[in-house]
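No value in this document is a laboratory result; all are computed from the given coordinates. Predicted model only: the values in this text are computed from it and were never measured. Methodologically, a virtual Cβ is constructed for each residue, glycine included, from the backbone with ideal geometry; neighbour enumeration extends over all protein chains shown.
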Amino acid sequence: MELYQLRTFLTVAEEQSLTRAADRLHISQPSVSTHIKALEEELGLALFIRTPKGMILSQQGVLIKSKAESALRAVEGVRRQADQLKKNITGVARVGLNIDAQYLRASDLLAVLHRRFPGLEVHYFQRHSLEFTQRVTSRGSPSCRLNARRNLSWSTLSSRPFSCRRSRP
């Protein structure tokens, strides 16, 4: 059973016509007929009563219709969730600081990160630059390093990109 067959089934049920369903779905009428026939064969049920005036749901079709609607809503929910996950950064970011967090205004950065990415858990590590390099491949290594220079800059230390630049006033 394919999603397009369920969409076609629901559209024919609403339109009560293969031709109007085809127009609405932007496919040919024979394709609509093929989708319905394939779905009926797979389910082993006659979903429609064919009349000279169009297509009317059978008793089995009425019962299947609510399940088909639920299935398509569930699929749409999965798509919305996936879209949301693509937009939101989640997980753990380990930020290595080579100087005092207050000097770098790391608390300001943390507030911004929590506001923009509520699913991101941020941990600060204060180490010397050499220690960062040694810990890159070890468990618990920082995801990035904040260097104190004229401008603040992020260095990405892991294979997952995470970087930003911010000029210090």
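If you go through the stretch 92-112 and keep only what is outside any helix (DSSP H, G or I) and out of contact with any Ser or Thr (no Cβ under 9 Å at 6 or more places or on another chain), you end up with Leu97, Ile99, Asp100, Gln102, Tyr103, Leu104, Arg105.
In the stretch 6-28, the qualifying residues are those that are polar (S, T, N, Q) and in a helix (DSSP H, G or I), and the one that is farthest from Ala74 (Cα to Cα) is Thr19.
Among residues belonging to the stretch 66-116 that are within 22 Å of Leu10 (Cβ to Cβ) and charged (D, E, K, R), point out the one that is farthest from the chain's Cα centre (by Cα). Taking the candidates together, the pick is Lys67. Restricting attention to the stretch 29-60, the residues being within 21 Å of Met1 (Cβ to Cβ) and in a loop (DSSP other than H, G, I, E, B) number 5. When the test is whether a residue is farther than 30 Å from Leu10 by Cα, among the aliphatic types (A, V, I, L, M) and exposed (fewer than 15 other Cβ atoms within 10 Å of the Cβ), Val122 does not pass it.
Scan the stretch 57-76 and give yes if some residue there is free of Cβ contacts under 8 Å to residues at least 60 places away in the same chain and within 30 Å of Arg115 (Cα to Cα), otherwise no. Steps first, answer last, please.
Quick first cut of the stretch 57-76, residues free of Cβ contacts under 8 Å to residues at least 60 places away in the same chain only: 57-67, 69-70, 73-74, 76.
Remaining after also requiring within 30 Å of Arg115 (Cα to Cα): 74, 76.
Looking through the stretch 57-76, at least one residue is free of Cβ contacts under 8 Å to residues at least 60 places away in the same chain and within 30 Å of Arg115 (Cα to Cα).
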